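Heads up, the thing below is written out as structure tokens.
Nothing in this text is a laboratory measurement; each read-out follows from the coordinates by a stated rule. These figures come from a predicted structure and were not determined experimentally. Note that each Cβ is placed from the backbone with ideal geometry, even for glycine, and that neighbours are counted across all protein chains shown.
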Amino acid sequence: SDLRVGVVGVGVMGADHAERVVRKTAGARLVAVSDPDWARAEGLGARLDARVVADPLELIASNEVDAVILASPGFVHAEQLFACLEHGKPVLCEKPLTMDAASALQVVEREHKLGRQLIQVGFMRRFDPEYAAMKQLLDSGELGRTLLLHNVHRNKSVPTTFRSEMIVRDSMVHEVDVARWLFGSEITRITVRTPQPTSLVADGVLDPQLALFELANGAMADVEVFVNFQVGYEVRCEAVAERGSATIGLGAGVFTRAGGQWGGAMPADFRVRFEQAYDIEVQRWVDATVRGEIDGPSAWDGYAAAAVCEAGLESLSSGRPVEVTLADRSKVLG
Ligand code: ISE
């Protein structure tokens, strides 16, 4: 029988996942949704034929729910993750795992005590066919050792509530995971600097931001995150290796040349650019959950990203490099 999925938080991402479970995901069905905005939850529940549960912890505890997708804001993830662990519910938790390293490490330790992996973190770029192909090429050794990553991560625009810290914790966090995953190495130092901000942003928000990640294996990654780019949604990555480079994110669909112009269309937002990645991520998560073995980005991946972002926030305010100190993985995970 189908995996009965509940979605907590039905804003932009949660509603997209709820639709995905109903319309595109084999072996799963949507049974319940929860959101503080009752009207929003009710509208979606009616449209997708799912029960509306006011209290997210009640949805998580419900014996009608086998697995949970957490698409609530980061500041309520810790409490909801502990509830998923307490009730033994496999959970796909949208990034960030939690708001800081300490709470993220608590989640890792609490899950480890259970003796089985229940948490997958929504680092969906690992499932994007372009990123997956790049990793395969780099891992093949054909280009030699990878030395550098150059990342560009642009949103067309974000709500005025999107502050400087969220640019690190909600957006740059993807490049933190991409760097850890492509290099297979931890980030040991982060520096975040900002130019004179764009005038097209709410007062006081430092946008764009430039970051430098230094990794334990000696490699480096630089990132431009610009969340009010105005033109469209654009995520590019170039890996520079000893005998060549690989670039993804140029996919502009059909390139046209007409009327003295050339170019292609840009997607409006991440749900369009990464639709396939989200589809693959959720299908793979359902299949793994049904098999009883979560094999996607782990709570440790979420913790490591939270620790790098916490150091990134410190560097954002000081403008100076900040060392990233992780717990001893062999001690924590035994
Ligand atoms: C959003 O939460 C995402 O995860 C998108 O991938 C990212 O591009 C966007 O900036 C975030 O707000």
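Here are the numbers for the structure shown:
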item: As computed over the chain, the Cα convex hull volume per residue (Å³); result: 155
item: Cβ-based charge dipole, segment 180-334, positive-most Cα from Val332, Leu212, Gly296; result: Leu212
item: Added length on full extension, which subtracts the Cα-Cα distance from 0.36 nm per residue, Leu210 to Glu42; result: 56.4 nm
item: Size-normalised alpha-carbon gyration radius of segment 70-154, reference 2.2 N^0.38 Å; result: 1.38
item: Estimated translational D of segment 262-334 in µm²/s (Stokes, Kirkwood radius over Cα pairs; 25 °C; 0.890 mPa s); result: 154
item: Helix 12-23 axis, angle to the chain major axis (alpha carbon atoms, nearest 10°); result: 60
item: Pairwise label distance in nanometres, Ala102 with Ser318, each label 7 Å out on the Cα-Cβ vector; result: 1.8
item: Whole-Å semi-axes of the ellipsoid equivalent to segment 209-334 (Cα gyration tensor, √5λ, descending); result: 32, 24, 15
item: Neighbour-count order for Ser157, Ser72, fewest beta carbons within 10 angstrom listed first; result: Ser157, Ser72
item: Rounded to whole Hz, the Karplus (6.51, -1.76, 1.60) HN-Hα couplings of segment 52-60, x for glycine and proline; result: 9, 10, 5, 8, x, 5, 6, 4, 4
item: Nearest-ten-degree value, helix 299-318 long axis tilted from longest Cα axis of the chain; result: 50
item: Separation in nanometres of the label points that stand 7 Å from Cα toward Cβ, at Asp287 and Ser185; result: 3.2
item: Extension gain, Leu333 back to Arg243 (0.36 nm per residue minus Cα-Cα distance, nm); result: 28.7 nm
item: Simple label model, 7 Å out from Cα along Cβ direction - Thr198 to Gln230, nm; result: 0.8
item: Helix axis angle, 38-48 relative to the chain longest principal axis, alpha carbon, degrees; result: 80
item: Table column - 3J(HN,Hα) (Hz), segment 61-77, Karplus curve with 6.51, -1.76, 1.60, x for Gly and Pro; result: 7, 4, 7, 8, 10, 8, 8, 10, 10, 9, 10, 7, x, x, 6, 10, 5
item: Residue-span extension gain [Val22 to Arg163] - 0.36 nm each, minus C-alpha spacing; result: 47.5 nm
